[in-house]
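These notes concern the structure reproduced below.
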Amino acid sequence: MSTKDFIEKDFYKVLGVPKDATEAEIKKAYRKLAREFHPDANKGNAKAEERFKEISEANDVLGDPKKRKEYDEARALFGNGGFRPGPGAGGGSFNFDLGDLFGGNPQGGTAQGGFGGGIGDVFGGLFNRGGAGTGTGARTQPRRGQDIDTEVTLSFTEAVDGATVPLRMTSQAPCKACSGTGDANGTPRVCPTCVGTGQVARGSGGGFSLTDPCPDCKGRGLIAENPCEVCSGSGRAKSSRTMQVRIPAGVADGQRIRLRGKGAPGERGGPGGDLYVTVHVHAHPVFGRKGDNLTVTVPVTFAEAALGGEVRVPTLGGPPVTLKLPPGTPNGRTMRARGKGAVRKDGSRGDLLVTVEVTVPQDVSGKARDALEAYREATAGEDPRAELFQAAKGA
């Protein structure tokens, strides 16, 4: 995140909390908004996805006491994007570079207005920049590894019960040939353009400047005198690895799982990126799913539906259950077998929803036909469509 973002963005407003909000209030507000705008709950909604990113960004700062303190100090110093001169400044205007404040003066002097490079130490952690000197001892900042997106396909049963699956991933990692330095001899030099910070200032008018990745060192802060042949001096090379990943029970088709720190390795001691796993689930020939509940359609005979009886119903991975059909059960009625569904987050199980489907025999002969003929004669005075026609006339 750039210096400009921290100065101009009001993270308190993003989360809808006051500036004196407690950590608990911030956490509660974040969780509420994250649930509302999470991409899994707003598939295909680009605005909701952008809003979720803003919420996550705000929580990343305000949810960390150290970052929040630095953010508050930066906002207090610069207000809403503009510098507020202190007492004694008079009505004169200041013409200074934010690079002088946050990275030290490259010429070794002090910034206009009486501020020295020491202010860079105050805000260095916030803007991911350290105080930069002029010698080779300038600090190069740790870099977080990249996030990785991958996919996995599970059987219906694996998705319901959970599974551990191997994932083979290819990502950028520190080059083993040069130990991530980019230099064949392992002795890169500090980039003279950005003085090891990995960033350079660009003017934006009004005396202020913003920061961009250094074009000479590509944001690394280091330049290889003898570029490594394997990574061409970048310090990063493709690396393949196989990881055993536990997919939690009850995962749904299309769900995206985040595994913190399991992405590409960081650079210079930086944290690893995150691994995002999108889950695909094969359909089952018998069972379906509605949230934490499983579904199954069970055929029954006309006699069972009319007279009632007991029906055995299969379950996923367990013994069958027996359900009692009350007399006069209509086609399409759904009954519930409790605790025979998918695993919930708390370890309990949902239910199995059993839908009754009355079957009609394709060929009726012999005693069965005689019995049906007798039944038709016995119920000849009943018209199941009488109410239908009556309602049609009255409409």
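The values are calculated or read from the model by the stated rules, or taken from the named source; none is laboratory data. These figures come from a predicted structure and were not determined experimentally. Cβ: placed from backbone, ideal geometry, glycine included. Neighbour counts: every protein chain shown. Protein only, heavy atoms only, side chains kept; ligands, DNA and RNA dropped before computing areas. Shrake-Rupley method; radii C 1.70, N 1.55, O 1.52, S 1.80 Å.
Side notes on the structure shown:
- Formal net charge of residues neighbouring S155 (Cβ-Cβ distance under 12 Å; K, R +1; D, E -1): -3
- Under the Karplus curve 6.51 cos²θ - 1.76 cosθ + 1.60, θ = phi - 60°, whole-Hz ³J(HN,Hα) for the range 271-277, x wherever Gly or Pro sits: x, x, x, 9, 9, 10, 10
- At q = 0.32 Å⁻¹, base-10 log of I(q)/I(0) for the range 354-395 (Debye sum, equal scatterers on each alpha carbon): -1.01
- Ordered by 1.4 Å accessible area with all protein chains kept, S155, S365 run largest first as S365, S155.
- Geometric descriptor of the range 213-253, per residue, is 156 Å³ (volume of the convex hull of the Cα atoms).
- Aspartates and glutamates whose Cα lies under 16 Å from that of K176, excluding same-chain neighbours fewer than 8 positions away: E229, E267
- For the range 237-335, the convex hull spanned by the alpha carbon atoms encloses 125 Å³ per residue.
- With protein chains left intact and a 1.4 Å probe, residues in the range 1-75 average 63 Å² of accessible area per residue.
- For the range 271-313, the fraction of C-alpha pairs more than 17 angstrom apart is 60%.
- In this structure the amide hydrogen of G309, modeled in the peptide plane, comes within under 5 Å of the amide hydrogens of L325, none closer than 5 places in sequence on its chain.
- Prolate/oblate/rounded label for the range 272-392 (Cα gyration tensor, a/c 1.5): prolate
- Distance distribution P(r), the range 162-276, all Cα-Cα pairs, bin width 5 angstrom from 0: 2, 11, 14, 16, 14, 11, 10, 9, 7, 4, 1, 0 percent.
- Å² per residue, accessible surface of the range 230-382 at 1.4 Å: 61
- Given their separation in residues at 0.36 nm each and the Cα-Cα distance between them, L372 and E57 gain 106.3 nm when the chain is fully extended.
- Separation of alpha-carbon centers, the range 221-236 and the range 274-336, rounded to whole Å: 61
- Between S348 and K27, full extension at 0.36 nm per residue minus the direct alpha carbon distance yields a gain of 112.9 nm.
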